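The values are calculated or read from the model by the stated rules, or taken from the named source; none is laboratory data. Not measured: the values here are computed from a predicted model. FYI the Cβ positions are ideal-geometry reconstructions off the backbone, even for glycines, and counts take in every protein chain you see. These area figures cover heavy atoms from the full protein model, side chains too; ligands, DNA and RNA do not enter into them. Shrake-Rupley method; radii C 1.70, N 1.55, O 1.52, S 1.80 Å.
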Amino acid sequence: MANNDDQFKKVISHAKEYGYVFQSSEVYDGLSAVYDYAQNGVELKKNIRDYWWKAMVQMNENIVGIDAAIFMHPTTWKASGHVDAFNDPLIDNKDSKKRYRADVLIEDYCAKIEAKIEKEVKKAEKRFGDAFNKDEFISTNGRVLGYQEKINTILSRMGKSLENEDLADVKALIEELEIADPLSGSKNWTDVKQFNLMFGTKLGASADSAMDLYLRPETAQGIFVNFLNVQKTGRMKIPFGIAQTGKAFRNEIVARQFIFRMREFEQMEMQFFIKPGTQTEWFKYWKEHRLKWHLSLGLGEDNYRFHDHEKLAHYADAATDIEFKFPFGFKELEGIHSRTDFDLKQHEEHSGKKLQYFDHEVNESYTPYVLETSIGLDRMFLAVFSNSLVEEELENNTTRTVLKLPAVLAPVKAAILPLVRKDEALVKLSKEIIEDLKWDFSVAYDEKDAVGRRYRRQDANGTPFCITVDGESLEDNTVTIRHRDTMEQQRVKIEDLKSIIKKEVDVKEWLMRM
Ligand code: GAP
């Protein structure tokens, strides 16, 4: 596809055209950074959530799930540090009156330098052909090393300034780099200010007695405050985990990358409670384990990388991001954080209740340490969807648009197509096949247009199989099954359809690759 911007635009319009993602309240011209999942999107999202839940909860006997409420006692957010420290550094452009995240302006500047590195790599790849060694080139080429050093210097200075709350230096950095407003080109900036990202609301009927609440900005705190309830009622022994999926809300300022950064989004989080002192080994374990989960979906090893944090959040003693190559570059997809005992200790202090674990093995009580894995479901959706959308040149000089979703995640597993829609016997047999398959798979019926057009429609929809019912089917109970990615067609018995499809879409088959 032409370039990254074009590819991203195609992703967004394809998501709308094929019923995956709509702008929220579109009839009222939409609500910024809020999206609705449509008939196919809701299925893809559910399948990703299930794939995560099965890998994290069902496959681990020491991990259980909960579903905590979105509203929590307001002291939760004081204890967690969100009231005081869940801020973004903002800067306004005085001419355009547009507001930006200062750190994002700087990161975008660095992304442009990174694009230059990629360009150098591509050029060298062309020049050296098969003899090209990318790692060696990156670590020795003078120009690339210069670019990389520039990025490191900028990001390290920004990290330090943010950590020290030195917002004047963040502004100075923007000015020194001569960063302009991406819309107007103006470099006329205000000072940088902190802005809290939580959405506030009220609980209660009258203005006097109403209690200030927040919409949760992460699901994790619902797990921390339930730690002891789950441990006791589930008789859980350390190490053990509590997993949860659910909505989180953040008043994001820079919200321009479709479902990458939303104001209402869904997280899939797991807190793993461990003995203090074992966090380094568990950090390593979950880092590797979560990457394996991603790789099992086959989106391409080169599309992932770790980004270890230099600047750590107030609660963490180690942190890394699993970054994914989105159409707009490598960005955070999942965070893995070693959160120490910060959260449990904070909730103990603010609630006055003990949140400790009695370890029978060592005969003592302690506050467990926590290893967290936290992934945005919507971001995972975007990673899968954008990576799967391809345009293929065919032998007869035509192109086809295919959504090569991993079959295990595809919203519709098979479409059943009677060859001729007016032939009642074919329609009847098609419907019988659907009646049988729908107990195991989500299937669709498609009778409109010539069969070739129907194949293309299902390709673009991401459906891994098309099953065509024709005259021969009535005589010998066979059908044609067409595979989306290879376009290969096979004549198979109707009674074998279930096992053929199952082999390709079964969660077990996919998770076994981990
Ligand atoms: N409990 C830890 C936590 O919330 P985070 O890095 O702020 O950590 C975790 O968020 C994940 O949630 C991110 O890696 C990202 O995938 C997702 N996420 C965060 N903010 C988001 C937003 N505004 N829109 C969509 N996904 C978001």
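Miscellaneous remarks
- Residue within segment 224-245 that is within 28 Å of the chain's Cα centre (by Cα), closer than 23 Å to His82 by Cα and in a loop (DSSP other than H, G, I, E, B) present: yes
- So Phe342, is it in contact with a His (Cβ under 9 Å, 6 or more places away or on another chain), of a type in the set (A, V, I, L, M, F, W, C), within 16 Å of the ligand (Cβ to nearest atom) and open to solvent by 40 Å² or more (accessible area, probe 1.4 Å): yes
- Residue list for segment 218-256, filter: among the polar types (S, T, N, Q) and near the ligand (Cβ under 9 Å from one of its atoms): Thr219, Gln221
- Segment 74-130, subset touching an Asp or Glu at 6+ places or on another chain (Cβ under 8 Å) and in a loop (DSSP other than H, G, I, E, B), residue farthest from Leu344 (Cα to Cα): Asp95
- Segment 217-245, residues that are open to solvent by less than 10 Å² (accessible area, probe 1.4 Å) and closer than 25 Å to Phe22 by Cβ: Pro217, Thr219
- Condition broken by Lys284, with the remaining ones in (1) among the charged types (D, E, K, R); (2) under 30 Å from Phe8 (Cβ atoms); (3) open to solvent by 20 Å² or more (accessible area, probe 1.4 Å) satisfied: (2)
- Residue check, Glu348 crowded, with 20+ Cβ neighbours inside 10 Å and either in a strand (DSSP E or B) or without any contact (Cβ under 8 Å) to a residue 40 or more places away in the chain (or both): no
- Scanning segment 351-371 for residues that are under 27 Å from Glu288 (Cβ atoms) and touching a residue at least 12 places away in the same chain (Cβ under 8 Å) turns up Tyr357, Asp359, Tyr366, Thr367, Pro368, Tyr369, Val370, Leu371.
- In the set (1) assigned by TED's automatic domain parsing to the domain that holds His294; (2) away from the ligand (no atom under 16 Å from the Cβ); (3) in a strand (DSSP E or B), Thr373 fails one condition alone, (2).
- Residue count, segment 172-200 (criterion: without any contact (Cβ under 8 Å) to a residue 40 or more places away in the chain and in a strand (DSSP E or B)): 1
- Pick from segment 287-302, criterion in contact with a Phe, Trp or Tyr (Cβ under 9 Å, 6 or more places away or on another chain) and open to solvent by less than 30 Å² (accessible area, probe 1.4 Å), ranking: nearest to the ligand (Cβ to nearest atom): His294
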